[in-house]
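What follows is one structure encoded as structure tokens, with my remarks underneath.
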Amino acid sequence: MNTPPPLPAATSFVTVLARISLVLAALGVAWALAQMLFALLLPEAAVARLAAQPEVPRGVLWALEQRHALSLALLLVAGLFLAAAWGLLRRREWARMAFILLLVGGALANFAALALIGPFFDGLQDMFPAEMLASPEGQRFAAQMRFNRTATFVTSLAGALVFAALHGWIVWKLCTPAVRDQFRSAPR
């Protein structure tokens with residue numbers, strides 16, 4: 001029985017990358033649809049009741065008020081990722097370029113999200129009355145929150161660096177001549 005020769009490494013790389021990305025993109029679309037459903041089902045009256053409570057962080061209120069636009073944006077990005085993964089599997093040049101842009105955008109978004117850590121922890125701490133924070137237990141709580149803020153920032157920064165390195169390596173691989181040649185010869 002004759003077995004076909006193994007695929008070149010560049011071909012295997014693109015195929016595996018595309019298949020993994022298809023699964024992740026499909027999960028992303030499903031998640032975006034679930035969020036969209038939640039956004040549609042959440043009554044405006046519930047958001048208004050939350051807005052009337054001063055202890056609810058402004059960022060949470062903003063996200064709830066913008067829930068329709070945010071869920072639509074997430075769905076569009078997930079759909080673009082799904083299309084790019086499918087095109088990558090079919091060896092379409094537009095998909096290779098879109099995939100590269102999505103990887104670079106994802107890495108940049110991870111670093112941009114670091115700026116939200118401080119306001120998130122500030123919002124959490126603002127939920128507690130000043131009298132409580134002035135007590136000995138409150139002082140310990142505030143110290144724990146400062147530690148958590150720093151630990152969250154450090155671990156998030158480490159994650160952003162790891163993903164930036166991974167995304168950078170994938171972008172580099174997608175730009176190598178062996179990989180680019182697969183896309184040049186693909187039918188349009």
Task: Note, ³J(HN,Hα) from phi for the range 11-21, Karplus 6.51, -1.76, 1.60, rounded to Hz, x at Gly and Pro - done: 5, 4, 4, 5, 4, 5, 4, 5, 5, 4, 5
TODO: Would you mind telling me the share, in percent, of accessible area of the chain contributed by carbon and sulfur at probe 1.4 angstrom?
DONE: 73
Task: CD proxy at 222 nm, helix term only [per DSSP H run n ≥ 4: -39500 (n - 2.57); per residue of the chain; nearest 500] - done: -27500 deg cm²/dmol
Open item on the list: Taking the solvent-accessible surface of protein heavy atoms with a 1.4 Å probe, what is the per residue accessible area of the chain in Å²?
Closed with: 64
- [ ] Compute log10 of I(q)/I(0) for the range 36-114 with the Debye formula, placing one identical point scatterer on every Cα and leaving out solvent, at q = 0.12, 0.21, 0.27 Å⁻¹, to two decimals.
- [x] -0.52, -0.95, -1.17
Task: Solvent-accessible surface (1.4 angstrom probe) belonging to Ser21, in square angstrom, nearest 10 - done: 10
- [ ] For the chain, just run the numbers: alpha carbon Rg, then divide by 2.2 N^0.38 Å, N being how many residues it has.
- [x] 1.40
Task: Estimated vicinal HN-Hα couplings, Hz - the range 153-162 in sequence order (Karplus 6.51, -1.76, 1.60; Gly, Pro = x) - done: 5, 5, 5, 5, 5, 4, x, 4, 5, 4
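Nothing charged except the Cβ atoms of Lys and Arg (+1) and of Asp and Glu (-1): what's the magnitude of the dipole of the chain about its Cα centre? Round to the nearest 20 debye. Please list the in-between numbers first.
On the way: 15 positive and 9 negative charges, 212 e Å.
Value, rounded to 20: 1020 debye.
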Open item on the list: Run the numbers for Leu101 and Ser12: contour at 0.36 nm per residue of separation, minus the present Cα-Cα distance, in nm.
Closed with: 29.9 nm
TODO: Would you look at the GNM of the chain, springs on alpha carbons closer than 10 Å, and say which of Arg140, Arg149, Arg92 moves the most?
DONE: Arg140
Task: For the range 33-39, Karplus couplings with θ = phi - 60° (6.51, -1.76, 1.60), whole Hz, Gly/Pro x - done: 5, 5, 5, 5, 4, 4, 4
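The values are calculated or read from the model by the stated rules, or taken from the named source; none is laboratory data. Because the structure is predicted, anything quoted here is derived from the model rather than measured. As a convention, Cβ positions derive from the backbone with ideal geometry for all residues, glycine included, and neighbour counts pool all protein chains shown. Accessible surface is based on the protein model in full, side chains and every heavy atom, while ligands, DNA and RNA are left aside. Shrake-Rupley method; radii C 1.70, N 1.55, O 1.52, S 1.80 Å.
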